[in-house]
Amino acid sequence: MKISIITVVWNNKKTIKYAIDSVLNQTYKNIEYIIIDGASTDGTINIVKSYGDKISKFISEPDKGLYDAMNKGITLATGDIVGILNSDDFYIDNFVIEKVVQKFEEKKVDSVFTDLVFVKPENLDKTVRYYDSSKFNPSKFAYGWMPAHPTFFVKREIYEKYGVFKLDYKIAADYEILVRFLEKYKISYFYMNEVIIKMRIGGISTSGLKSNYILNKEIIRACKENGIKTNWLKVLSKYPSKILGLFKR
């Protein structure tokens, strides 16, 4: 079973190497690694090119943002399964993809997701929040909950059948696509009970009151567009549980 992993990057020479190495060091070898760069000017391109043909496909050109770049990667993917690894993130060990593929083969599902941890950029061993996907089921979407998207692996045919990321979302296109796949079209899934990714805190959807307002507004929109009834009260009710994630290590 072939797996395509997509990393989207723009001016991120500080951390891109962590992401690349965590993919190339995987024990599972049937990996197509695609990197989509948004015409970086800080030296990121040189770092990626230094890996030569270890990177299966590399494009560097202007884009319309994060989700446009992800869509480019999905279009290029030829694997049976597609996963997306952000340029600030990295796999927790070298056995992640091997275990993910094993679950696809064992469970005969359309998608697999797991847990992740948020870490401090200056101390990658310091967990500041645990993202627990174990309690997820599609009814949770109305309350602003989704599986940890960076851990979400799905069969490529699902993108081909049900579409890619919507570019008119600023922050929550990942939320919308999971609602579309898991609730509207009810694709099958399996939760793998372990952490596979470390994510540095400070991304667009993890900081700032303005960002959180836009995020929650788009969550409500995503639910309504896909036939889920929700409201601001329901969506905001997720925050006490998020706080509990600060105490789980």
With respect to Y33, is the statement that it is closer than 23 Å to E157 by Cβ, in contact with a helix residue (DSSP H, G or I) (Cβ under 9 Å, 6 or more places away or on another chain) and part of a loop (DSSP other than H, G, I, E, B) true? no
Grab the helices (runs of 4 or more DSSP H) fully contained in segment 127-229, keeping just those with 2 or more residues being more than 18 Å from N86 (Cα to Cα) and touching a strand residue (DSSP E or B) at 6+ places or on another chain (Cβ under 8 Å). 156-162
Considering every residue within segment 73-87, establish whether at least one is among the hydroxyl-bearing types (S, T, Y), surrounded by fewer than 20 Cβ atoms within 10 Å (Cβ to Cβ), over 18 Å from I35 (Cβ atoms) and in contact with a helix residue (DSSP H, G or I) (Cβ under 9 Å, 6 or more places away or on another chain). no
Can you spot a residue in segment 6-24 that is at pLDDT 95 or above, of a type in the set (D, E), part of a helix (DSSP H, G or I) and over 20 Å from M146 (Cβ atoms)? yes
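The values are calculated or read from the model by the stated rules, or taken from the named source; none is laboratory data. These figures come from a predicted structure and were not determined experimentally. Positions of Cβ are backbone-derived with ideal geometry, glycine not excepted, and every protein chain shown enters the neighbour counts.
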